[in-house]
Amino acid sequence: MSEFLSPRTLAEALKLRSAHPDFTVLSGGTDLMVRATERDYPVGTIDVFSLKEMRGVCESDAALSIGASTPYADLLRSDVVLTMLPNLHAAIREIGAVQIQERGTIGGNIGTSSPVGDTLPCLLALDAEVELRSQNNTRRVAYSDFCTGYRKTQLGADELITAIHIPRPAKGTRLFWRKIGTRRAQAISKVMGAASFRIEEGVVSHARIALGAVADRPRRVEAAEQRIQGEKPSERLATEVAAIVRSDVKPIDDVRSTASYRLDVAVNIVRRFVLELV
Amino acid sequence: MKIRMQVNGAARELETEPMRRLLDVLREDCGLTGTKEGCGEGECGACTVLIDGKPVNSCLVPVGQVHEAELLTVEGLSDGELLTDVQRALVEHGGAQCGICTPGIAVTAESLIRREKNLDHARIRELLAGNLCRCTGYQRVVEAVAEAAAKRGGAGDE
Ligand SMILES: Cc1cc2nc3c(=O)[nH]c(=O)nc-3n(C[C@H](O)[C@H](O)[C@H](O)COP(=O)(O)OP(=O)(O)OC[C@H]3O[C@@H](n4cnc5c(N)ncnc54)[C@H](O)[C@@H]3O)c2cc1C
Ligand code: FES
Ligand code: FES
């Protein structure tokens with residue numbers, strides 16, 4: 001029989017995590033349990049889904065902090081997520097269907113860090129930081145550094161993802177989200193994009209553009225961001241930025257889509273984001 | 001691992017491998033075969049049960065996670081032969097044909113009606129998107145759920 005540990009407090013969870021680095025961390029199970037009967041049981045499991053200290057949304061002047069074990073359904077019901085981070089809210093609304101939203105968590109999306117994880121481009125566009133804790137240490141890592149490759153992260157064997165911190169968007173910031181899949185619910189994305197643009201006196205003073213499903217991991221398009229910064233939004237600018245995306249992004253063919261379709265969609269998503277500013 | 005849970009209002013206690021799927025424990029250990037397996041990957045919703053009132057895919061939940069939880073399966077909806085309004089509407093509208101998706105739809109729809117008022121067709125379609133059906137084409141399911149929701153007069157629990 002495999003061991004199943006259900007810590008009641010975060011301190012207890014971190015102690016168990018350091019004592020059992022070979023155990024699987026389980027949250028909502030919507031990634032880990034897929035086709036579970038085709039695999040052996042893990043040696044042991046540490047269940048963090050119900051940990052109160054890792055749940056909920058906390059708003060401060062500077063940031064919004066989201067507990068890693070907060071299910072999507074709770075985030076969808078949160079007014080502050082909707083008003084402060086409408087692009088993240090929109091992304092979550094399109095994840096799975098109600099059954100997945102009741103169980104799936106943002107910590108699990110980050111833990112898996114699949115190129116098609118839908119919250120991840122938003123986290124990049126929002127300059128989010130992942131909070132990682134071990135028994136004796138707490139650190140914060142920008143999501144852009146946390147994900148290091150195809151479903152690879154820098155999570156330590158004694159660490160848990162405990163929260164995600166998102167700086168409050170500055171005044172004049174416009175946030176965007178767009179997902180293209182085969183249907184609206186329950187479809188894995190072919191391409192998705194998120195963006196954050198701050199406009200000051202008609203000029204873009206801060207730009208973040210992130211795409212999912214176009215590389216081995218969610219990525220920003222820095223060259224496009226730099227092109228926009230300091231500019232006044234215009235149709236011409238949108239066209240130029242789209243051209244940068246076309247030369248900078250190198251998607252792949254797979255069962256869900258082709259490279260050339262993905263590239264066209266990515267280019268169009270970013271062009272439309274910029275056109276929305278005009 | 002020893003698991004204690006409430007299933008359809010009755011206390012159950014069993015000793016089992018904690019990583020077994022709740023779906024299998026319900027069907028094999030509890031004899032509650034109303035909950036169906038369609039896909040085993042969270043896509044089809046045939047295995048939907050309520051955990052503490054929330055609709056979830058029981059194929060994705062290891063039984064270790066429902067220790068001390070309250071579960072409702074399709075067997076817990078009706079009162080013996082007396083069907084719920086949602087179940088009756090599904091029958092009357094032809095919202096159940098081969099029936100494999102029906103337990104999951106009945107359970108999901110029950111939770112939606114309890115939790116949300118003013119369910120229109122578009123919202124019902126959105127909320128039932130995780131319950132696949134190969135027979136009905138959904139229209140009759142949506143009509144049935146809308147009728148049951150309207151009859152309860154939007155008297156949601158929340
Ligand atoms: C039918 C279906 C539809 C889906 N649709 C979408 C979709 O549209 N968009 C999308 O992005 N995803 C989708 N998913 C994938 C999945 O629901 C999400 O990735 C979800 O966020 C995973 O969260 P979880 O809590 O269930 O993770 P789990 O399965 O519990 O864990 C996932 C991974 O993260 C690790 N982990 C979890 N929590 C922690 C923690 N606190 N600390 C350290 N490691 C941790 C686990 O060890 C595991 O490696 C879908 C899945 C299914 C089955
Ligand atoms: S069997 Fe669980 S969702 Fe299909
Ligand atoms: S009635 Fe046959 S799958 Fe729905």
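The values are calculated or read from the model by the stated rules, or taken from the named source; none is laboratory data. All figures in this text were calculated on a predicted structure; none of them were measured in a lab. As a convention, Cβ positions derive from the backbone with ideal geometry for all residues, glycine included, and neighbour counts pool all protein chains shown. Only protein heavy atoms, including side chains, enter the accessible area calculation; ligands, DNA and RNA are left aside. Shrake-Rupley method; radii C 1.70, N 1.55, O 1.52, S 1.80 Å.
The residues neighbouring A:HIS206, those whose beta-carbon lies less than 10 Å from its own, together hold a net charge of -1 under the Lys/Arg +1, Asp/Glu -1 convention. Taking only the Cα atoms of the range B:2-76, the radius of gyration and Dmax are 10.9, 30 Å.
Find out how many positive minus negative residues lie around B:SER78, taking Lys and Arg as positive, Asp and Glu as negative, among other residues whose Cβ is under 14 Å from that of B:SER78. With Lys, Arg at +1 and Asp, Glu at -1, the neighbours total -4. The charge dipole of the range A:198-270, taken about its Cα centre with unit charges on the Cβ of Lys, Arg, Asp and Glu (plus for the first two, minus for the last two), comes to roughly 160 debye. For the peptides A:213-222, B:99-108, residues were scored by their other Cβ atoms within 10 Å and the scores averaged per peptide; the highest-first order is B:99-108, A:213-222.
For a paramagnetic label modelled at 7 Å from the Cα of A:THR138 toward its Cβ, which residues of the range A:149-184 fall within the zone defined by backbone nitrogen distances under 15 Å? Hits in the range A:149-184 for A:THR138 at 15 Å: A:160-166.
Remark: mean inter-chain Cβ contacts per residue of B:102-111 equal 1, using a 10 Å Cβ-Cβ cutoff to other protein chain atoms.
Here the range A:72-220 is treated with +1 on each Lys and Arg Cβ and -1 on each Asp and Glu Cβ, and its dipole about the Cα centre works out to around 440 debye. Measuring spread by the Cα atoms of the protein assembly as shown yields a radius of gyration and Dmax of 22.7, 70 Å. Remark: the range A:70-140 carries a charge dipole of roughly 180 debye about the Cα centre, counting +1 on each Lys and Arg Cβ and -1 on each Asp and Glu Cβ. Taking every residue in B:48-59 and counting other chain Cβ atoms within 10 Å of its Cβ, the average works out to 4. Rounded to the nearest 500, the 222 nm mean residue ellipticity of chain A from helices alone is -9000 deg cm²/dmol, with -39,500 (n - 2.57) taken per DSSP H run of at least 4 residues.
Excluding ligands, DNA and RNA, the accessible surface per residue across the range B:32-130 is 38 Å² with a 1.4 Å probe. When peptides A:254-260, A:114-120 are sorted by average Cβ neighbour count within 10 Å, with the highest value leading, the order is A:114-120, A:254-260.
What angle do you read, to the nearest 10 degrees and between 0 and 90, between the alpha-carbon axis of helix A:235-248 and the longest principal axis of chain A? Once rounded, the angle reads 50 degrees. Once you reduce the range A:221-278 and the range B:1-72 to the center of their Cα atoms, the two points are 45 Å from each other. Remark: accessible surface ordering of B:ARG140, B:ARG152 (largest first) is B:ARG140, B:ARG152, probe radius 1.4 Å. Here the accessible area is traced with a 1.4 Å probe on the protein chains. For the protein assembly as shown, carbon and sulfur cover 47 percent of it. Taking only the C-alpha atoms of the range B:85-151, the Rg (one decimal) and the largest Cα-Cα distance, Dmax (whole number), read 10.3, 30 Å. A straight Cα-to-Cα reach below 29 Å connects A:LYS52 with the lysines A:LYS15, A:LYS152, B:LYS2, B:LYS54, B:LYS117, residues fewer than 8 places away in its own chain not being considered. Straight Cα distances below 14 angstrom link A:LYS171 to the aspartates and glutamates A:ASP61, A:GLU200, A:GLU201, with same-chain residues fewer than 8 positions distant left out. Summed over both chains, the accessible area lost when A and B associate is about 2700 Å², using a 1.4 Å probe. Here's the list of lysines a cross-link from A:LYS179 could span, going by alpha-carbon distance under 16 Å and ignoring same-chain residues fewer than 8 apart: A:LYS190. Mean residue ellipticity, 222 nm, helices only, chain B: the sum of -39500 (n - 2.57) across DSSP H runs of n ≥ 4, divided by residue count and rounded to 500, is -8000 deg cm²/dmol.
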